[in-house]
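Worksheet: the structure to be examined is printed underneath.
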Amino acid sequence: MIAELGHFALILAAFVALFQAVVPFIGAARGWTGWMAAAVPAATAQFLLTAGSFAALTHAFVTSDFSLKLVVENSHSLKPMLYKVSGVWGNHEGSMLLWVLILTLFGALCAWFGSDLPPGLKARVLAVQAMIAAAFFAFILFTSNPFLRLARPPMDGQDLNPLLQDPGLAFHPPFLYLGYVGLSLTFSFAVAALIEGRVDAAWGRWVRPWTLVSWMFLTVGIALGSWWAYYELGWGGFWFWDPVENASFMPWLITAALLHCAIVVEKRESLKTWTILLAILAFGFSLIGTFIVRSGVITSVHAFANDPERGVFILAILAVFMGGALTLFAARAGAMTSKGVFGLVSRESALVANNLLLAVACFVVFIGTIWPLVAELLFGRKLTVGAPFFNAAFTPFMIALAVILPVGAVLPWKRGRAGRAAAQLATAAALAEAAGLLAYAVQSGRSALAPAGIALGTWLVLGALRDLWLRTGRGEARLRRLAHLPRADWGKAVAHAGLGVTFIGIAAMTAWQVEDIRVARIGDRFEVAGYGISLDAVEDTRGPNYYTTMATMTVWDGDRPLATLHPEKRVYPVAQMPTTEAAIDNGIWRDFYLVIGDPQQGGGYAVRTYVKPFANWIWAGAIIMALGGLLSLTDRRFRVAAGAPRQRPVRPVAAE
């Protein structure tokens, strides 16, 4: 009965979405206040109905209701509770229900917290948001119904994919979807602005918080997925350039560009057409990612479904919304004139360069991701585009971006002087160069990858700190003024510093990691990168819903034990699937990463050992970036009326 109520709530939500897509839109066109106001209760009702439907599906998983086909295919009575809950979105149908839940949540949040928006703009934004929701409600109800019953329910389920039975994967999809789907609201703002023909500083201020929220959640979601791949898959890497990984990375790059571009619209009323285009493309890449994951056209270990019918439906949604928005953009772009003018050396120019680098980097990732499909369709050739292509084609743009960021942050608006900016950052540049030279000296003649990456990362961190210090002006009490800087300034500096930390982690881990693969017998001790590793014991045991071969291994620094680790080789009997559970001793400066393999014919076990310097700096940097976004989001200027006149500061501080 609860499942039927959930299904009924989903159908009602679809009808509410249709109402919200039509009535407020007409009201905004005719100036009918009552019709425009109907968007707020409709958005609330749509979210509550979708939340009720999602709660009904969650109840079915938690109670192991094996009369539902979806529960049978993705759950088991012995599965731990956390994975029963995460099993709700660990499949195609449930994940799409989470997709529309977050879609309606963002619409409801705009309705609840958008009281300062002009009524016409608000009505159009919510109407466009409802159009997207209606399309995805139709997709779920006609091709991906999660509430299908079985005539003869089995006694137990087929279990969730064992790779997904992990805390990292339990939280990774919700965070990723909050970023992915949140971009629908920036898309709705862009389309509404095109319909009205008005993009100004107030619009830039309204759209920036939603962009920031999406980028922040995308950052955390991507970091969680990377961290999971690192410790769960047993191959020791953090990024594989898999098509589904790229599907989340492409919107992140475009959203980062959009975030910087919206600042120019808000501050200088420039780059309006570029900002609108980026808002459209950001959500477009989210839809492309949804298509890649669910159509089966590109093979990936992360893919949810391989149903061509579903792929065609998503492709139709992509064509309608992207085609319609880009057509509208082509028709109205000429009317969005920019008011601000700026010189070649200015913060605006640096932000333009930032945008171009991020957009081209995204395009490179897109080409590498879809090229196997294009090659097969047009030339009949099956090929794979792997890490060597992406590393060679993508890395130069990130290097250029890292060089530009600190310079652009200290340049003034409208017009600046290159010599003055260079002088302001001379100390940071000298220290970054020193850090790179120190790394080169320490590594004893290896490649320049680690020194270059460490120098760039240090440059980003010190450049962010220098930018903050310059904003305190001259004279005494600079520390006091530093504490009272706007949170958006702090957020920008923290985010840029986080990117620098990630640069350092990626460069050091990639260049300096040590790998050792051997057959070890119980009692053997061997050396890797100057550390001793001993295989002390191997035993067979069992967990809640799996059998495991668990090793006990000790890491030694001379005669001093550093850590005792327990790598595992698990087998899930219901799913008939083995998994590798790496054992990791995490540290600030390095990780010890141990993997136990299968027993060998001559005795002993296959053992893989990695020593990974600075590994945790990669994810620490991502978390720092997200914290920077959160700091910016708490800035008072995002909580006041966007259209309110700006107050003149009481004590203006002259920049250095």
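The values are calculated or read from the model by the stated rules, or taken from the named source; none is laboratory data. Please read these numbers as outputs of a predicted model, since none were measured by experiment. Cβ placement follows ideal geometry from the backbone for every residue including glycine, while neighbour counts extend to all protein chains displayed.
Structure summary
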quantity	calculated
Qualifying residue in region 547-569 (condition: aromatic (Phe, Trp, Tyr), farther than 30 Å from residue 446 by Cα, surrounded by 20 or more Cβ atoms within 10 Å (Cβ to Cβ) and touching a residue at least 24 places away in the same chain (Cβ under 8 Å))	no
Among residues of region 316-342, those that are modelled with pLDDT under 90 and surrounded by 14 or more Cβ atoms within 10 Å (Cβ to Cβ), counted	6
Tabulated pairs, region 196-207, first touching a residue at least 12 places away in the same chain (Cβ under 8 Å), second among the basic types (Lys, Arg), C-beta under 6 angstrom, 6+ apart or interchain	197/332; 199/272
Flag if residue 380 is more than 28 Å from the chain's Cα centre (by Cα) and crowded, with 16+ Cβ neighbours inside 10 Å	no
Breaking point among (1) over 30 Å from residue 456 (Cβ atoms); (2) surrounded by fewer than 20 Cβ atoms within 10 Å (Cβ to Cβ), for residue 533	(2)
Residue count for region 600-625, restricted to those that are among the aliphatic types (A, V, I, L, M), surrounded by fewer than 20 Cβ atoms within 10 Å (Cβ to Cβ) and modelled with pLDDT under 95	1
Residue 88 vs. criteria at pLDDT 90 or above and more than 24 Å from the chain's Cα centre (by Cα)	no
Those residues of region 227-243 which are surrounded by 21 or more Cβ atoms within 10 Å (Cβ to Cβ) and either in a helix (DSSP H, G or I) or in contact with a Leu (Cβ under 8 Å, 6 or more places away or on another chain) (or both), in sequence order	229, 230, 243
Contacts under 7 angstrom Cβ, first residue in region 463-481 being in contact (Cβ under 8 Å) with a residue 24 or more places away in the chain and charged (D, E, K, R), partner exposed (fewer than 10 other Cβ atoms within 10 Å of the Cβ) and in a loop (DSSP other than H, G, I, E, B), 6 or more apart	474/654
Residue list for region 479-529, filter: surrounded by fewer than 20 Cβ atoms within 10 Å (Cβ to Cβ) and either touching a Cys at 6+ places or on another chain (Cβ under 8 Å) or among the charged types (D, E, K, R) (or both)	480, 481, 487, 489, 515, 516, 518, 521, 524, 525, 527
Residue 461 being surrounded by 15 or more Cβ atoms within 10 Å (Cβ to Cβ), hydrophobic (A, V, I, L, M, F, W, C) and farther than 19 Å from residue 361 by Cα	yes
Residue satisfying all of: in region 422-450; in contact (Cβ under 8 Å) with a residue 24 or more places away in the chain and either under 27 Å from residue 346 (Cα atoms) or touching a Leu at 6+ places or on another chain (Cβ under 7 Å) (or both); surrounded by the most Cβ atoms within 10 Å (Cβ to Cβ) among these	432
The listed residue being under 21 Å from residue 288 (Cα atoms), touching a residue at least 40 places away in the same chain (Cβ under 8 Å), within 28 Å of the chain's Cα centre (by Cα) and not assigned by TED's automatic domain parsing to the domain that holds residue 273, out of 386, 368	386
Filter pass, residue 374 being surrounded by 15 or more Cβ atoms within 10 Å (Cβ to Cβ) and β-branched (Val, Ile, Thr)	no
Boolean, residue 301 is over 21 Å from residue 190 (Cβ atoms), modelled with pLDDT under 85 and not assigned by TED's automatic domain parsing to the domain that holds residue 208	no
Residue within region 201-212 that is hydroxyl-bearing (Ser, Thr, Tyr), under 19 Å from the mean Cα position of the chain (by Cα) and not assigned by TED's automatic domain parsing to the domain that holds residue 30 present	yes
Exclusive hit being modelled with pLDDT of 95 or more and of a type in the set (S, T, N, Q), set 44, 33	44
